[in-house]
1. Can you give the FRET efficiency to the nearest 0.05 for residue 211 and residue 139, using r as the Cβ-Cβ distance and R₀ = 22 Å?
2. For the chain, what does the relative contact order come out to in percent, with C-alpha contacts under 8 Å and a separation of six or more?
3. Rounded to the nearest 0.05, what FRET efficiency do residue 183 and residue 260 have when you use their Cβ-Cβ distance and R0 = 22 Å?
4. Just round it to a whole percent: the fraction of Cα-Cα distances in the chain exceeding 31 Å.
5. Once you put a point 7 Å from the Cα of residue 236 and another 7 Å from the Cα of residue 93, both along the Cβ direction, what distance in nm separates them?
6. Roughly how tilted is helix 266-275, in degrees to the nearest 10 and between 0 and 90, from the longest Cα axis of the chain?
7. Points 7 angstrom from Cα along the Cβ direction at residue 281 and residue 164: gap in nanometres?
8. If each residue of separation counts as 0.36 nm, what is the full-extension length gain between residue 290 and residue 196 once their alpha-carbon separation is subtracted?
C-alpha cells in the first residue's frame, strides 16, 4: 500500500469526516436551563414555536443521566456522555471521572476545541447566566468568555456581541426557567410565565441576528440541559429527561419533526457537521443529518 493510502486509513481511524452544510457561516446555540420538552406546547412562547415551524425539531430528545446541569451542558458541547468526559454532577467544576481523552487545554475535546483547531480564525463566544458554565469549556479557545448576573444581562451582552462581531459560533446560556422550577415549581403557572419571559429574550436575540445581516447564513439551535418535576430534577422520569431540540436556519428543513433518537451529545456532533469539522473517535454523538435539505 502506498504511503498516501496508509495515511488516509490512519486518518479515517482517528476521525469521522463530515460534510459542511453549504452557505452556513454562523451557528448560535441557545440553552435554556430547566426547559422541559413538555413545556413547549403548553407555554405562551411564539418565538420558540416560530423556530419549530421554520425548522426541524424534536420534543423527545433526551438528556444524559443524571438529568442535572453541569453533566448535561458538558455533554451538549463535548459530544459524549459523562462516562467519557468525566463531569458527572449537578455542579461539577472538575471531572469526577478521569476523561478518556484530553485536548490541548486539559479538558475533554469539545466543539470549541475542534473549531479552534480546524478553523483557527473563528470568532467564538460563550455568554452565560450560571457561573457553573465557566468550568465546562476551554476559556483559552474562545474570543469572548462572559458570565452575566441574569438572563436579561446575558441577552443584552449577546445582542451586542452578535451585532459587533458576527461570531462564527456563540453559545448563550440562560439560567431560567430552572430558577423558578426550583423555587416555586415546574409545570405550574409561574413556570410557564417564566418560559414566556425567556421567549421574549429569545426574540431579541433572533432580531439581533437579523439586524447584524447574518440571518440568511446562520443556524440557530435551541435546547436545554433537563426538565424538572415538582421543585427538582436529576431523576429518571421523562419530564426530567426529555428536552426540546430545535434547529432553524440555512439549509434546515422547515416544519419537520425529527423522529429518530436524539441525545444531547448529538448537538455537538451536528454543529461539527454543519461546519465540516473532523470529529474525534472518542465522541459518541452523531450528527442529525435528516434535518438538512438535500
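All of the numbers you see were taken from the coordinates with simple rules; none came from a lab. Note that the structure is predicted; figures quoted are calculated from it, not measured. Here the Cβ positions follow ideal geometry from the backbone for every residue, glycine too, while neighbour counts run over all protein chains shown.
1. Computed FRET efficiency for residue 211 and residue 139: 0.20.
2. Over the chain, the number comes to 36 percent.
3. Using R0 = 22 Å, I get an efficiency of 0.05.
4. The calculated P(r) of the chain puts 21 percent of pairs beyond 31 Å.
5. Placing both labels 7 Å beyond Cα along the Cβ direction yields 3.1 nm.
6. 60 degrees
7. With each label point 7 Å from Cα toward Cβ, the separation is 4.3 nm.
8. So the chain would gain 30.9 nm between residue 290 and residue 196.
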